[in-house]
Every structure is written in structure tokens, then in C-alpha cells.
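This report concerns only the one structure given below.
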Amino acid sequence: MLGVFVLAASLLILDKMLRLFDFVATEGGPIGVVFKMLATMMPEYASLAIPLGLLLGVLFAFRKLATTSELDILRAVGLSYGRLLRVPYAIAAVLIAVNIALVFYIQPISRYWYERLDYELRSGALGASIKVGEFTTLKDRMALRIERSEDEGRRLIGIFARFANDKGQVLSISAREGSFLATKDNPDTIILRLTDGIIVQDMGTESGPRVLSFTRHDLPIDLPMVEKFRSRGDAEREYILPELLRIGWGGNQTSEEQRDGSQASFNFRLVEVIMMLLMPLLGVALAIPPKRSTSALGVFVSIVMVVAYHKINQYAQDVATLGRVDPTLALWAPFALFAALIIWMYWRVAYVPGGQAIGALEAAFAKLAKRIRAVMSRRTSHRPLQPAPAE
């Protein structure tokens, strides 16, 4: 179960990791922020990976018992499926508690921190304001360009800076190298220490520009002002449980759009948690292959069912947030259908002699596999023999 959880979480973050690397590279930010953003997304991925881990853990355990005929022995000595499911449900209770903490408390806060990191990266607060090889405008009066950087940005090579003021005076500076230094007195200003360069000062007069050379020159630069990031609660997914209840059922204190969004978010999170109670039943229903068969079709079907149901819930939440459908109906109607299907599948396996939850799919899959093997064996048998090499 833990192995499946790690695998599912890894697969879920792979695509997000690639997009984040591309985004950070485009914005010019540090690579370390990618891992910070992925860490803030882990609670959201874990809320789906935990049910998958529980489901496949139960499925593989009962599948091993079934394929080794140990399940038949346990059933013959009077142990029912309900008795065998006591330990899986004990594990499920612990995981449900963990998932409640994730979806109602940890996930909203981590989502807010993800949005904050994204904002800081776009605004340049993470060191992405000055990009190598491009002209950067600061305070609308200064243009700065750096050819390349070394030692993780501590050494800058090929620097050009241009200043202009309201009087038409222009100051152009070029230097071989330089480095940024922080100031203790004013955190909004940094010092660009330049080495081996030339200053061209155009005062806008008839006397022409003045040219000065220097071996070291300290250039103060005012950092661009970064607006303070908003407070938590811009979207319903950033609300924790008490806030959802207060906004969703707050009466006339909140608008209708806020109530619909909060109720949709609350019902979405609740059905995602309660759905875990059905995972042991679904695992048992899909774990037992037909007699004298080692088909693994149930593993594939279980993953498809859980992921498809999760996507249906996400769509229902979006529709309910827009106010088109009542949030309770939009989220609990699919849950009722999903629960009825799982209970029927479990009843077929547990109480119908020789019953199979996906017997029709197993038969069709067996016929398809048989035909594929026949075609492959026919191609192998008709393959022309290669002549033996001459001695």
C-alpha cells in the first residue's frame, strides 16, 4: 500500500514538475523554487494517492490469497469476507483521518503558499527581476543588461547600465564585471559594485559628453517595489473547514456566489473522504480472478474507476460553483451511483456462488488475449527460416 502511494504520488507530480521547470526557466528564477512549489502541491496529490494506495493494497493482498488458493481455505473454515475485511477497514479508518486533515486543513493552506510562491516568482521577489542576456528596466529610468553570470550569480560579466532623469541627462556605464551587494541601512536598495569600466555622462549641453574610466565604482540601485501578496481566501479551495461552514451556511452575510462556491467545495472534499469507505469493498470485488486464471484486469479497472470518479467530482464541483446545479445534488448523486455499483460488485463476489464482479469483461479479455496469442504464434510459425552460413 505504501509502495503504491509513493508510485501514484510520483506519477502525479511528474507532469507538474516538467511544467514548473519550464515556467521557472522562463521567468528566470532559481531552480530551488521548483521543489518548494512541488512540496506545497504534495497534500493535493496525496488526497488522491491515499485512496489509490488503500485500494490497490487491499486488492493485491486478496489477489495473492486468491491465486494461491488460500482464500478458498479461509472461506472453507468459516471466515467470511466481512471478517477478513476487519484489518483493511482498521487501516482505512486511520487513512480517512489523515485524509480529513489533508483536505480540510493542510491542503487549503498549502495551496495558498503555492499561489504565493507563484506570485513572488512572477513579480521578481525571488531574484527573477534581472535576467541574463536581456535588458531589464528598473524604476522606468534605468536599463540594465548583463552578458553572463558565474558562481550562481555572485559574479557578473559584461555589464551595461543606462540612467536618465527628467532634465534629459543620460549616464551610460559599461564594466568588465561586477557583483551585487546588500545594504544594511536600506533593504530596498542594493549596491552594484563595478570593476574596470567607463562612464559616459551626457549633460544635454553643447560641451558634449564627459568620459571617465574607473577601476571600481559602486552604483546604488533601487529595487522595484513588490506589492504585498493578498491574504488567504481568494478562492474556495483556500478555505479550511470552519471557514467553509461559516461562508457556505452564513445566511445573508455572504453573497449567493460565495455560498455556492463554499458549499460545492465542502461537498467535494466530503465525498472524496467518504469514498474511501468503499475502497476495501472495491478492492475485494476486483481482486479475485476467475478460477484457474491469473488475470490482472481488475487492477486496471480499479484505477480507471477511481480516477474517473475523481474527475467527475471535479467537474460537478465546477458546475455547482457556477450555480447551475445544487451542490448537494451535483456531488452526492454521482457518489450514490458509484457506491451502488461497488456494493453490487462486492455482493456478487461475496454472496453469489461463483460470482464475478467483472465476469463479462474477464471473458471478453480472455478471448481477446487468446486471439492475440494465436495471431502472434501464426506469424512466428510462418516466418521463413534463415539459411545456414556457408563454412
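The values are calculated or read from the model by the stated rules, or taken from the named source; none is laboratory data. Keep in mind that what you see is a predicted model, and the values were worked out from it rather than measured. Reconstructed Cβ throughout: ideal geometry from the backbone, glycine too, with neighbour counts over all protein chains shown. The accessibility values were calculated without ligands, DNA or RNA, using every heavy atom of the protein model including side chains. Shrake-Rupley method; radii C 1.70, N 1.55, O 1.52, S 1.80 Å.
Please give me the summed charge of the neighbours of Gly250: other residues whose Cβ is under 15 Å from its Cβ, Lys and Arg +1, Asp and Glu -1. Its environment carries a net charge of -3. The count of lysine pairs in the chain whose Cα atoms are under 18 Å apart, excluding pairs fewer than 8 places apart on the same chain, comes to 8. Averaged over its residues, the chain has an accessible area of 59 Å² per residue, based on protein heavy atoms and a 1.4 Å probe.
Please give me the summed charge of the neighbours of Ala360: other residues whose Cβ is under 15 Å from its Cβ, Lys and Arg +1, Asp and Glu -1. Numbers along the way, then the final one.
On the way: positive: Arg348, Lys367; negative: Glu362.
So the surrounding residues net to +1.
Spin-label model, Glu147 to Ala90: label points 7 Å out along the Cα-to-beta-carbon direction sit 7.1 nm apart.
Remark: spin-label model distance Asp185-Gln201 equals 2.0 nm, labels positioned 7 Å along the Cα→Cβ axis.
Remark: the Arg378-Asp218 segment gains 49.5 nm on full extension, using 0.36 nm per residue and subtracting the alpha carbon distance.
Using equal-weight Cα scatterers in the Debye expression, the normalised intensity of the chain in log10 at q = 0.07, 0.09 Å⁻¹ is -0.58, -0.77.
A crude spin-label estimate for the pair Arg324 and Ile274, with each label 7 Å from Cα along the Cβ direction, gives 2.4 nm.
Take each uninterrupted DSSP H stretch in the chain, measure its Cα extent along the helix axis, and return the ones at 20 Å or beyond whose mean Kyte-Doolittle hydropathy is at least -0.5.
Details: long enough: 2-27 (36 Å, 1.48); 32-67 (47 Å, 1.30); 86-101 (23 Å, 1.75); 107-123 (24 Å, -1.38); 256-274 (27 Å, -0.60); 297-321 (36 Å, 0.90); 327-351 (35 Å, 1.32); 359-381 (33 Å, -0.01).
Helices meeting the span and hydropathy rule in the chain are 2-27, 32-67, 86-101, 297-321, 327-351, 359-381.
Full extension of the chain between Val352 and Arg246 gives 33.4 nm of extra length, using 0.36 nm per residue less the Cα-Cα distance. Calculated [222 nm] ellipticity per residue, helices only, for the chain: -18500 deg cm²/dmol; basis is -39500 (n - 2.57) per DSSP H run with n ≥ 4, divided by all residues, nearest 500.
For the chain, which whole-number percentage of the solvent-accessible area (1.4 Å probe, protein heavy atoms only) is attributable to carbon and sulfur atoms? Please report the intermediate quantities before stating the final value.
Working: 13770 of 23020 Å².
Looking at the chain in its full context, I get 60 percent from C and S.
Looking at the calculated P(r) for region 16-106, what percent of the C-alpha pair distances fall above 23 Å? Please report the intermediate quantities before stating the final value.
On the way: 2075 of 4095 pairs.
Percentage above 23 Å: 51.
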